[in-house]
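A quick write-up on the structure given underneath.
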Amino acid sequence: MAGNWKMNMTHLQAIAFVQKLAWTLKDADHDYEQVEVAVFPPFTALRSVQTLVDTDKLKLVYGGQDLSQHDSGAYTGDISGEFLAALGAKYALVGHSERRTIHGEDDAVCQAKVQAALKHGLVPVLCVGETLEQREATDTPWDVPVAQLRAGLAELPNGAEIVLAYEPVWAIGTGKVATAEQAQEVCAALRAALVEELGEERAAATRILYGGSVKPDNVASIMREPDIDGALVGGASLKIDDFASIVRYRNHVGI
């Protein structure tokens, strides 16, 4: 279960949040081997999160909300995968819908960022998803996400670990959510594309997350679907009780 904080929380707020989240999950005897817990703070909070995780030996992992396709150089404001790796990050989001729409990142940029993440030992979380207009223009709503997957994974090295996050753009920050059946339909198509790209064994081992207004009251139905392995949580990840409840979905839905 991954929490994308987006542009929220100072480094001091991040410290307090991670401490309380860790305490809440410890009190609930959360098994991190069963459900991994990752947070994606703003870049300015990563060092503080790293220090807290290392000092208190927390089992939480963390990652960058983005990374540059470049290693270093005259790229003002960009963050290299090398910087993230040096801060102990495990993951890096690539191609989040807000990067694609607001910042104009296309499939070629996302593919380069996947390669950059892998080069520096990070696990890329490749985000794919369709807009409402794209969804309504076809009877096969998985066309756009599958095309984004194929482009992002082009020239993927053998054995490279990746994570996919399916996020229907029309369900992000809108309060709308794809039904479990709608999410499964697209995630099944993504899994089939992974089989074609990577082979059955690697495709089965690749985690597919669902992102799009995930909350404690809908996570159960989402996680019951066979091709959904976790969630990329936005707004609810900023609330301790909500995110902890989402993380602990196995305890209260009988999965």
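In the range 215-243, what residues are hydrophobic (A, V, I, L, M, F, W, C), farther than 24 Å from Leu153 by Cβ and crowded, with 21+ Cβ neighbours inside 10 Å? Those that are hydrophobic (A, V, I, L, M, F, W, C), farther than 24 Å from Leu153 by Cβ and crowded, with 21+ Cβ neighbours inside 10 Å: Val219, Met223, Phe243. Is it true that some residue in the range 91-98 is over 21 Å from Leu156 (Cα atoms) and without any contact (Cβ under 8 Å) to a residue 40 or more places away in the chain? No: zero hits. From the list Arg224, Arg191, Arg248, the lone residue that is touching a residue at least 24 places away in the same chain (Cβ under 8 Å) and either β-branched (Val, Ile, Thr) or in contact with a strand residue (DSSP E or B) (Cβ under 9 Å, 6 or more places away or on another chain) (or both) is Arg191.
Conditions tested, residue by residue: (1) touching a Pro at 6+ places or on another chain (Cβ under 8 Å); (2) assigned to a helix (DSSP H, G or I).
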position	(1), (2)
Thr138	no, no
Val146	no, yes
Leu149	no, yes
Val186	yes, yes
Glu201	no, yes
Ser213	no, no
Ile222	no, yes
Pro226	no, no
Ser245	yes, yes
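Summed over the range 192-212, the residues that are under 27 Å from Lys6 (Cα atoms) and surrounded by 21 or more Cβ atoms within 10 Å (Cβ to Cβ) give a count of 5. For the range 112-159, name all the residues that are modelled with pLDDT of 90 or more, among the acidic types (Asp, Glu) and more than 24 Å from Gly230 (Cβ to Cβ). Passing the criteria: only Glu155. Consider the range 151-181 and keep the residues that are assigned to a helix (DSSP H, G or I) and in contact with a Lys or Arg (Cβ under 9 Å, 6 or more places away or on another chain). The one that is nearest to Gln115 (Cα to Cα) is Gly152.
The values are calculated or read from the model by the stated rules, or taken from the named source; none is laboratory data. Because the structure is predicted, anything quoted here is derived from the model rather than measured. Using ideal geometry, Cβ is built from the backbone for each residue, glycine included, and neighbour counts are taken over all protein chains shown.
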